[in-house]
Amino acid sequence: MDMFMDWITNIIVFILIATVIDLILPSSSFNKYVKFVTSLLLLLMIISPVLKIFNSDIETAIENMIFNDRKNSSESLLDEKKIEILESQRAYILEQMAVQLERQVAKDVKEKYGVEISGISLESNDKELKDYNSISKVSVTYKESTSNGTKDIVEEVSPVSINVSKPITVSENHQTNNKEIATYLSKSWGISKVKISIKEEGGVNP
């Protein structure tokens, strides 16, 4: 209400001043320019509240746009950091689960099959890793045991014949050994044999 009264008062005072100026100035060609200027100023005074409203709305809109951009940028950074933290946690949990699995069977695998587990990696599609049922794939790498007593015996070298016309395939004994190890690991871990992949270090999957 006070703003409205001030607005009306300013208009009335300006009209009175413009009238006095018009009476003081002599009639001449210059007088019409003075009337034009005073009329323009009066018009600006009349519409000034409207201009203030629009100006305020524009400033508010710009401030809101800047605030929303900063807010969206901050939320995006937070989401990225959250995803990185969750991925790091999942990787750590999978690594610890792999260590536990290896500890469970390392000794028995070495005694039964004469090989040492050199690495285990786990894969999972579940966001939450609650137990071993969350694991989708277990990749096991092994190598020949260096402490096997039979390795110290030097056997007679037999002649080797290589036929380059035939493709090199994994031996049946090697495949059988891998299947037996996979079966044993499946029973020991309680994980489906389908999920377990076995390969010799430096070799390929049979």
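Readers should treat all values here as calculations from the given coordinates under stated rules, not as data from a laboratory. Owing to the predicted nature of the structure, the values given are computational and were not obtained by experimental measurement. Here the Cβ positions follow ideal geometry from the backbone for every residue, glycine too, while neighbour counts run over all protein chains shown.
Enumerate the lysines that K112 could reach by cross-link, defined here as Cα to Cα under 21 Å, with residues fewer than 8 away along the same chain left out.
K143, K151, K179, K187, K193, K199
Can you list residues whose amide H is under 5 Å from I196's amide H, if they're 5+ apart or on another chain and H is modeled 1.01 Å from N?
Residues meeting the criterion, in which the H sits 1.01 Å from N, are V138.
Can you work out the Karplus-derived ³J(HN,Hα) for every residue in the stretch 112-123? Use 6.51 cos²θ - 1.76 cosθ + 1.60 with θ = phi - 60°, whole Hz, and x for glycine or proline.
7, 10, x, 10, 10, 6, 9, x, 9, 10, 10, 10
Quick one: what are the phi-derived ³J(HN,Hα) couplings along the stretch 85-92, Karplus 6.51/-1.76/1.60 with θ = phi - 60°, whole Hz, x for glycine and proline?
Those phi angles translate into 5, 5, 5, 5, 5, 4, 4, 5 Hz.
Please rank E102, E75, fewest neighbouring Cβ atoms within 10 Å first, as an exposure proxy. Numbers along the way, then the final one.
Details: E102 15, E75 10.
Placing the least packed residue first, the sequence is E75, E102.
Between K187 and E87, how high is the FRET efficiency from 1/(1 + (r/R0)^6) when r is the Cβ-Cβ distance and R₀ = 30 Å? Nearest 0.05.
Values: r = 32 Å, r/R0 = 1.07.
Rounded to the nearest 0.05, the efficiency is 0.40.
Among residues other than L94 whose Cβ falls under 13 Å from its Cβ, what is the net charge (Lys/Arg +1, Asp/Glu -1)? Don't skip to the end; give the middle numbers.
Values: positive: R90, K127, K130, K137; negative: E87, E95, E102, E123, D126, E128, D131.
Net charge around L94: -3.
Name the long-range amide H neighbours of S145: under 5 Å, sequence gap of 5 or more, or other chain; modelled H, no Pro or chain starts.
Under 5 Å from the amide H of S145 lie the amide H atoms of V115, E116, each far enough along the sequence or on another chain.
Exposure proxy check: W189, W7 ranked by fewest other beta carbons within 10 Å? Mind dumping the intermediate values first?
On the way: W189 17, W7 14.
Lowest to highest Cβ neighbour count: W7, W189.
Sorted from fewest to most neighbouring beta carbons within 10 Å, what does the list T19, T146 look like? Walk me through the numbers before you get to the answer.
Numbers: T19 11, T146 7.
Least to most surrounded, the residues fall as T146, T19.
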